[in-house]
1. Of the residues in the stretch A:9-31, how many are in contact (Cβ under 8 Å) with a residue 60 or more places away in the chain and farther than 22 Å from residue A:111 by Cα?
2. Tally the residues that are of a type in the set (S, T, N, Q) and either facing chain A (nearest Cβ under 10 Å) or under 28 Å from residue B:126 (Cβ atoms) (or both), restricting the search to the stretch C:111-134.
3. Right, residue C:42: buried (at least 19 other Cβ atoms within 10 Å of the Cβ), more than 7 Å from every other protein chain (Cβ to nearest Cβ), of a type outside the set (A, V, I, L, M) and under 30 Å from residue B:33 (Cβ atoms) or not?
4. Could you tell me which of the residues A:48, A:109 is touching a Cys at 6+ places or on another chain (Cβ under 9 Å) and assigned to a loop (DSSP other than H, G, I, E, B)?
5. Tally the residues that are facing chain A (nearest Cβ under 8 Å) and open to solvent by 20 Å² or more (accessible area, probe 1.4 Å), restricting the search to the stretch B:54-65.
6. If you check residue B:115 against the conditions, is it under 19 Å from residue C:93 (Cβ atoms) and either free of Cβ contacts under 8 Å to residues at least 60 places away in the same chain or in contact with a helix residue (DSSP H, G or I) (Cβ under 8 Å, 6 or more places away or on another chain) (or both)?
7. Run residue A:79 past the list (1) farther than 20 Å from residue B:54 by Cβ; (2) in contact with a helix residue (DSSP H, G or I) (Cβ under 9 Å, 6 or more places away or on another chain) and report the number of the one that doesn't hold.
8. Among the candidates A:18, A:100, which residue alone is over 22 Å from residue C:97 (Cβ atoms), part of a strand (DSSP E or B) and modelled with pLDDT of 95 or more?
Amino acid sequence: MSVTEIFDVRTTTRIETIDITSLVRSAIRKSGIDGGLACVFCPHTTAGLTIQENSDPKVKTDLAEHLGKVVPHDGGYVSTEANSDAHIKSSLIGASLTLIIDAGKPVLGTWQALYFCEFDGPRSRRVMVKVIAG
Amino acid sequence: MSVTEIFDVRTTTRIETIDITSLVRSAIRKSGIDGGLACVFCPHTTAGLTIQENSDPKVKTDLAEHLGKVVPHDGGYVSTEANSDAHIKSSLIGASLTLIIDAGKPVLGTWQALYFCEFDGPRSRRVMVKVIAG
Amino acid sequence: MSVTEIFDVRTTTRIETIDITSLVRSAIRKSGIDGGLACVFCPHTTAGLTIQENSDPKVKTDLAEHLGKVVPHDGGYVSTEANSDAHIKSSLIGASLTLIIDAGKPVLGTWQALYFCEFDGPRSRRVMVKVIAG
């Protein structure tokens, strides 16, 4: 039986997009599973997971900045916790990714990387990875 | 072999966010599967599923109201069905969640709950849960 | 062991929403798996996958056009590649869908179809499908 791998992500600013591809690859390799599916899961409600370009770093800047326009920090929210924008972004980006595993590796396009999206940092965060064979 | 569990969700207003965590937990327990993955699926195109905070109820109010600003009910749409906003929100929030199952339970963060998002109620809705071992 | 099915999608304009339901159904049937989960995966960072209505074609027009208002092509982005809008839409819509398989078919609601969303075409695209039994 495979176990769930957990790794830590330490964020350093309020809004941050961190490449976790090598951590996910390593968790999948550690499972010893050659073919199947993996779930990468973010157990936080003010952060999310996305797949984006690994080449031009301006793409992740544009993603973070445009999300901040669509869902502004000060958006006249009723919650007094001052992080409703982070919760809304989390629901839009999503907390869970499903990946295809082939030859012990996640199937990703040439330009794809996996990103942890911090929307209310800095914080200590965690990401879980579960791989099942099939 | 595990079967797909189906449960009913009855919504009472046009826009509604309903906590379905205990229903999903119960479907997972019923499967008898200790470790694996679960897919929680919404078979409707004017509703969706999200993971959000279970503590401050104002968070779900802010999510619903801000989504209504980003995708207004009367947005000058070409469809004459008067629910294009609901379809667009459904694609933004998503119709499918993948969860990690450990010790017979979904792995969720302390503040996470699973929500059914009604965008065009009131209606009788359904949610499917499938658990596979691994 | 099941293998990953790959099929080609040829897009013909910059923004396009293509019904891939029958291609996904065929990949699932080819797997010979009766019950389980399927992951449908888009290996591109300027495209995505969504589940939407299969009946009124105006719904996909409204989705594409409203996404273009929320994330405009010329949004003052820092990347000079002129397709930051496509990357942002890809993260909002998502690159991966998880489906429940029952009786050799994906469990879908009456009005649901699977769509490939091109945000930066025309291009030659690919979609992967992996089915696991359980």
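The values are calculated or read from the model by the stated rules, or taken from the named source; none is laboratory data. What you see is a predicted model; the values in this text were computed from it and never measured. Heads up, the Cβs are rebuilt from the backbone with ideal geometry, glycines too, and the neighbour counts pull from every protein chain shown. Protein only, heavy atoms only, side chains kept; ligands, DNA and RNA dropped before computing areas. Shrake-Rupley method; radii C 1.70, N 1.55, O 1.52, S 1.80 Å.
1. Qualifying residue count for the region: 8.
2. The total comes to 1.
3. When the stated conditions are applied, residue C:42 passes them.
4. Values: A:48 fails: assigned to a loop (DSSP other than H, G, I, E, B).
Testing whether each residue is touching a Cys at 6+ places or on another chain (Cβ under 9 Å) and assigned to a loop (DSSP other than H, G, I, E, B) leaves just A:109.
5. Here is the first cut: in the stretch B:54-65, the ones facing chain A (nearest Cβ under 8 Å) are B:56, B:58-59, B:61-63, B:65.
Imposing the further condition that a residue be open to solvent by 20 Å² or more (accessible area, probe 1.4 Å) reduces the set to B:56, B:58, B:61, B:65.
Final tally of qualifying residues: 4.
6. no
7. (1)
8. Matching residue, one of A:18, A:100: A:18.
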